[in-house]
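Asks: The structure that follows is given in the form of structure tokens.
Each reported figure results from applying straightforward, stated rules to the coordinates on display, with no laboratory input. Just so we're clear, the structure is a prediction, and the values are computed from it rather than from any experiment. Ideal geometry is used to build each Cβ from the backbone, glycine not excepted, and the neighbour counts take in all protein chains shown.
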Amino acid sequence: MDVLRLTCISIASVALLTPSFADDNLAAIQYLTADAYLDVSNGKRINNPAIIIADNRIRDIGQQGELAIPAGANVIHLEGQTLLPGLMDMHVHLTGDASDNFLEAQNYSIPRQTVKAVKNAETTLMAGFTTVRNLGADGYSVIATRDGIDADEIPGPRIWAAGHSVSITGGHCDDNFSAPEKKSLAGGVADGPWQVRAKVRENIKYGANTIKICATGGVFSKGTKVGVQQFSEEELKAAADEAHLRGLVIAAHAHGTSGIKAAIRAGIDSIEHCSFMDKEAIALAVKHGTYLSCDIYNTEYTLAYGAANGVPEANINKEKQVSQAQRDSFRAAVKAGAKMVFGSDAAIYPHGDNGKQFSRMVTFGMTPLQAIQAATINSADLLKQTDIGQIKPGYLADIIAVKGDPIAHIELLENVSFIMKDGVIYKQ
């Protein structure tokens, strides 16, 4: 591990690293053991594993005492701990902080938002989330943050970044808080199928590796109703077709039933929020293999702290309309066997608390294994990635650990004790 990479990790994190990780020769091969690891594909807890990591990939997995320690390997033993794949959150907003004054934050400059993203990226990684999908940010700020992480200039998770969220004029994801005379439009505004295609192309031009479109109104916008459809199905299909033509996965912000159904029929890959789903909407998702990403934790933070953080009463009232309906939809979708991923909408609650959603997913219908699969193999499938989401030979060395058995105690995922991303230890 080179000196530049090491200096980019916070002082607190450096204190947790063993000195050998400052030397490339010693860090190239690592031999990792723990009490157990969780095979997320089937829920089996494998006792006394030994894992050999070469550079940034898992080379071999065996049993302690049977799998030989390579000469010169750095040996790490995590006593009393269970290993899991690095977690994934498919819906975050790294440029926002929940505790900032809501209306003041609407006017943050792009450089200010980028600084926020750098800070929150490290916080997210240190919570055990080694991969995230950032669904919307101004000025390509998170794309720049992602590129800095990929260049080993700053610490953070692997990021799929959408660039600007695509929105209708005056819809959710447009700038509706500015006065009319300012004629302010958000960077993702597009009206009509060809404008939508052009906006998707523009996002890709400037580095987006995923796409987001706002199919319905939203909780935290001004002048929109959460259940009302914004884009027509024709416009949604144009966005989906353009994203797929370029090999990208596309997400649709969709609270309302009609918008959810239109987005699914249009070929959108994942539906975000999913608040008002009837049986037909869930059946459509199952039929089309559409992934559902339901942020069922953050409502607790909004209702408890939103007013103190300056969230207008109108927006808090919209959250009250959504919260129970969204959890009911989540439970019904799980029961119906819909494909589900872990999506928290981090920024609506504090970054780093992502893991608190696991216990709510279990409370509202999932088994602990299903909740963990949503944040590992299901998220990898959504992103069409075949080398993340499992502890398996050939996969990237994204590995976390918790003290105990997360299947028996899902809340353990709120306090991750060991974090490795790309073969580099960030917390031990």
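Asks: Just to be sure I understand the curve: with the Debye formula and one point per C-alpha of the range 296-414, what is log10 I(q)/I(0) at q = 0.09, 0.16 Å⁻¹?
Replies: Those come out to -0.29, -0.86, one per q.
Asks: Just subtract the alpha-carbon distance of His77 and Asp405 from 0.36 nm times their residue separation and send over the number in nm, one decimal.
Replies: Extra length available between His77 and Asp405 comes to 116.4 nm.
Asks: Report the Rg/Rh value for the range 91-143, based on alpha-carbon coordinates and the Kirkwood definition of Rh.
Replies: 0.95
Asks: Enumerate the aspartates and glutamates that Lys339 could reach by cross-link, defined here as Cα to Cα under 18 Å, with residues fewer than 8 away along the same chain left out.
Replies: Output for Lys339: Asp89, Asp269, Glu272, Asp278, Glu280, Asp295, Asp328, Asp381.
Asks: Could you pull out the longest piece of the chain with no exposed loop trypsin sites (Lys or Arg not before Pro) in it, calling a site exposed if DSSP puts it outside H, G, I, E, B and it has at most 10 other Cβ atoms within 10 Å?
Replies: In the chain, the maximal stretch lacking such sites is 184-383.
Asks: Follow-up question, since we're still on this one. What is the Cα coordinate range of the range 44-194 on the first, second and third principal axes, sorted by size from largest, in whole angstrom?
Replies: Extents along the principal axes, in whole Å: 72, 33, 27.
Asks: Please enumerate, by chain and number, the lysines with C-alpha under 17 Å from the C-alpha of Lys116, excluding those fewer than 8 residues away in the same chain.
Replies: Lys116 reaches no qualifying lysines.
Asks: Moving on. Identify the GluC sites (Glu not before Pro) of the range 44-142 meeting these criteria: DSSP loop state and at most 14 other C-beta atoms within 10 Å of the C-beta.
Replies: Answer in residue order: Glu66.
Asks: With a Cα-only, solvent-free Debye model of the chain, what are the log10 I(q)/I(0) values at q = 0.14 Å⁻¹?
Replies: -1.25
Asks: Please name which of Tyr426, His351, Asn315 has its Cα lying farthest along the dipole of the chain towards the positive end, using unit charges on Cβ (Lys, Arg +1; Asp, Glu -1) and the Cα centre as origin.
Replies: Asn315
Asks: Any idea how far apart Ile69 and Gln428 come out in nm if each label point goes 7 Å out from Cα toward Cβ?
Replies: My value for the distance between the label points is 1.3 nm.
Asks: Starting from the 7 Å offset along Cα-to-Cβ, what nm value, one decimal, do you get for the label separation of Gln370 and Leu245?
Replies: 3.8 nm
Asks: Once both axes come from the Cα atoms, what is the angle between helix 279-288 and the longest principal axis of the chain, in degrees from 0 to 90, rounded to 10?
Replies: 50 degrees
Asks: Taking every pair of alpha-carbon atoms in the range 179-301, give the share separated by more than 23 Å as a whole percent.
Replies: 30 percent
Asks: What number comes out for the charge environment of Pro157, summing +1 per Lys or Arg and -1 per Asp or Glu over other residues with Cβ under 14 Å away?
Replies: -1
Asks: At 0.36 nm per residue, minus the direct Cα-Cα distance, what do Ala314 and Arg59 gain on full extension? Give it in nm, one decimal, please.
Replies: Between Ala314 and Arg59, full extension yields 86.4 nm more.
Asks: Over 25 Å between Cα atoms: which of Lys183/Lys222; Lys287/Lys356; Lys119/Lys427; Lys205/Lys237 fall into that group? Write down the numbers at each step before the final one.
Replies: Numbers: Lys183/Lys222 15 Å; Lys287/Lys356 30 Å; Lys119/Lys427 16 Å; Lys205/Lys237 20 Å.
Listed pairs above 25 Å: Lys287/Lys356.
Asks: Find out how many positive minus negative residues lie around Arg201, taking Lys and Arg as positive, Asp and Glu as negative, among other residues whose Cβ is under 11 Å from that of Arg201.
Replies: After counting each charged neighbour, the total is +2.
Asks: By how many nm would the segment from Asp100 to Lys182 lengthen if fully extended, with 0.36 nm per residue of separation less the alpha-carbon distance?
Replies: Difference between extended and current length: 27.1 nm.
Asks: Something else: Any chance you could give the angle, 0 to 90 degrees and rounded to 10, that helix 257-266 forms with the longest Cα principal axis of the chain?
Replies: Roughly 70 degrees, rounded to the nearest 10.
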